[in-house]
Amino acid sequence: MGRIVALDYGKKRTGIAITDELQIIASGLTTVKTPELIAFLKKYVSDENVERFVVGEPKQMDYTPSEAEELITPFLKHLGRTFPDIPIERQDERFTSKMAFQSMIDGGIKKKQRRNKALIDEISATLILQAYINRK
């Protein structure tokens, strides 16, 4: 089995989370600037056995796509062309940013660190990945 890589894709930054090779545990990996994302993933995929990508799917409360989906669609095409042998799946990402922020509070992270949006993106990617694992 290979790792699953989850992406919380954003206009400026993208949070990245991974599973262990047995696909049991979701862990935050990092946050990268979105323009550098494909280069980062190329390096990661060359070093690790990646079985699939899971990309967060932003939806409105009524399950219709959110405005952010317009940014993600071209990225998904680029990702698919860059890694044609790695399947891409989607996972509903509603509330992940709020849940990430709350988990930081619950974890005792200081107020100054909670302002770190990159950390929130990484935790959001982890929540997306954990929801995906739970769904499977």
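The values are calculated or read from the model by the stated rules, or taken from the named source; none is laboratory data. Keep in mind that this is a model prediction, so the values were computed, not measured. All Cβ positions, even for glycine, are placed from backbone atoms using ideal geometry, and neighbour counts span all protein chains on display.
Quick rundown of the values:
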item: Which numbered condition I38 fails, given (1) at pLDDT 95 or above; (2) in contact with a strand residue (DSSP E or B) (Cβ under 9 Å, 6 or more places away or on another chain); (3) among the hydrophobic types (A, V, I, L, M, F, W, C); result: (2)
item: All positions within the stretch 43-77 that are modelled with pLDDT of 95 or more and either part of a strand (DSSP E or B) or surrounded by 12 or more Cβ atoms within 10 Å (Cβ to Cβ) (or both); result: Y44, V45, E48, V50, E51, R52, F53, V54, V55, F75, L76
item: Among the residues listed as D85, D106, the single one being among the charged types (D, E, K, R), at pLDDT 95 or above and surrounded by fewer than 10 Cβ atoms within 10 Å (Cβ to Cβ); result: D85
item: Residues that are more than 15 Å from the chain's Cα centre (by Cα) and over 21 Å from L71 (Cβ atoms), drawn from the stretch 24-44; result: I24, K43
item: Residue within the stretch 109-127 that is modelled with pLDDT of 70 or more, out of contact with any His (no Cβ under 6 Å at 6 or more places or on another chain), β-branched (V, I, T) and in a loop (DSSP other than H, G, I, E, B) present; result: no
item: Residue list for the stretch 14-42, filter: under 13 Å from F75 (Cα atoms) and assigned to a strand (DSSP E or B); result: T14
